[in-house]
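Below you'll find the structure, written out as structure tokens, and then a few comments.
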Amino acid sequence: MIIKKEIKKNVTVYYVQKEIADEKMDKLKNTYVKKSQIHLIIDHDADVYNAENNKLLLTFRKKKLTESKIKDFYENVIHFAVGYTNNRGSTSGSKNKNVHDNPKIMTNIIGYFDKLSPMQKFLIKKKNANIKTNVRECRFNMDNPEKYKKLIPLVEEVDHFYKKYVPENYENQYKKAKQTPFRIANTCFTTITTNVNFRTTIHKDKGDDMDGFGNLVVMEEGKYNGGETCLPQFGVGVDVRSGDILLMDVHEWHGNLPIEKVTPDAKRLSVVCYLRYNIWKNTKDKTKKFMIRHNQTIRKLRKS
């Protein structure tokens with residue numbers, strides 16, 4: 001519910017209050033956002049605050065990202081991003097940790113992660129390898145170093161706008177990022193999640209730095225309707241399209257409205273950049289030299 005609305009420097013500022021009690025939101029976890037729960041769809045420059053405590057919930061800006069950087073990112077990642085996975089669990093609506101009952105989920109990670117893959121665990125045990133940390137290089141940048149380099153300009157641009165529009169959270173996150181060599185270029189991010197036509201259920205992100213915000217951008221192929229990113233507890237949704245940037249507190253309940261294809265080739269690639277807390281926690285005292293050796297050890301496991 002909108003308590004107050006004002007315009008500041010051509011940005012609409014909303015102050016909203018919870019429409020659904022915390023106790024009920026706990027019961028709605030892992031269910032899909034309903035259109036009836038969303039009373040405000042934002043498609044313009046806006047800031048949204050929780051009226052109860054004046055806490056920033058989200059910042060949204062239209063057409064800020066460079067088109068050529070978006071194109072380079074999309075062309076170099078889409079072949080990977082459309083790969084199916086079965087490990088997104090409850091965010092896909094599954095009641096299980098894995099989503100074997102809903103296998104056609106196109107969601108993947110790039111950069112660094114704080115858990116070893118099942119195959120890596122198997123190889124480490126089989127070869128009795130000496131691994132110093134569970135933090136690992138993701139498969140995409142391991143197998144596609146040249147394509148990975150072409151993603152960096154857009155990620156750096158996202159980092160720039162994060163610093164510009166949400167400076168306090170950015171500085172808290174960047175301080176951590178600077179302390180670990182396991183990060184993406186000179187940014188405050190360790191990890192990127194890509195989702196293709198993936199309608200997430202109501203959830204709070206786990207593993208993200210609690211001091212930081214999620215940074216979400218969207219790339220489009222074909223035509224579709226829907227897919228809005230929503231904070232159902234506050235009745236607010238955001239229609240993020242190509243070139244836009246959404247900075248959001250992902251530790252609030254959020255999920256997506258359904259994606260309705262207008263053309264058969266429709267793809268909504270969402271890209272979320274963030275810092276994983278355990279990467280920082282487990283490697284904040286490590287050097288770049290350590291990271292290089294560690295990555296080499298992991299790579300050799302696959303080849304031996």
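The values are calculated or read from the model by the stated rules, or taken from the named source; none is laboratory data. Since this is a predicted model, take the numbers as computed values, not measurements. For neighbour counting, all protein chains shown are included, and Cβ atoms are generated from backbone atoms with ideal geometry for every residue, glycine included.
Pull out all pairs, ordered by first then second residue, where Cβ-Cβ is under 6 Å, the residues are six or more apart or on different chains, the first lies in the stretch 104-118 and is charged (D, E, K, R), and the second is in a strand (DSSP E or B).
Between residues of the stretch 104-118 that are charged (D, E, K, R) and residues that are in a strand (DSSP E or B), the close pairs are D114/R276.
Filter the stretch 250-271 down to the residues that are of a type outside the set (S, T, Y), assigned to a strand (DSSP E or B) and crowded, with 22+ Cβ neighbours inside 10 Å and list them by number.
Within the stretch 250-271, H254, G255, N256, R268, L269, V271 qualify.
Of everything in the stretch 1-42, what is of a type in the set (A, V, I, L, M), farther than 23 Å from R241 by Cβ and in a loop (DSSP other than H, G, I, E, B)? Give them in sequence order.
Residues satisfying the conditions are M1, I20, A21.
Given the options D205, D211, name the one that is more than 23 Å from F140 (Cβ to Cβ) and surrounded by fewer than 22 Cβ atoms within 10 Å (Cβ to Cβ).
D211
Regarding the stretch 43-60, can at least one residue be identified that is assigned to a strand (DSSP E or B) and farther than 16 Å from M1 by Cα?
Within the stretch 43-60, one or more residues are assigned to a strand (DSSP E or B) and farther than 16 Å from M1 by Cα.
When you scan the stretch 158-234 for strands (runs of 3 or more DSSP E) that lie fully inside it, which ones turn up with 2 or more residues that are within 24 Å of F80 (Cβ to Cβ)?
Fully inside the stretch 158-234 and qualifying: 191-196, 214-221.
Of all the residues that make up the stretch 63-94, how many are among the basic types (K, R), modelled with pLDDT of 95 or more and within 16 Å of the chain's Cα centre (by Cα)?
0
Might you let me know whether the stretch 119-141 holds any residue that is modelled with pLDDT of 95 or more, over 21 Å from T287 (Cα atoms) and either of a type in the set (G, A, S) or in a loop (DSSP other than H, G, I, E, B) (or both)?
Checked the stretch 119-141: no residue is modelled with pLDDT of 95 or more, over 21 Å from T287 (Cα atoms) and either of a type in the set (G, A, S) or in a loop (DSSP other than H, G, I, E, B) (or both).
Test each condition in (1) in contact (Cβ under 8 Å) with a residue 40 or more places away in the chain; (2) surrounded by fewer than 18 Cβ atoms within 10 Å (Cβ to Cβ) for N53 and report the one that comes out false.
All conditions are met except number (1).
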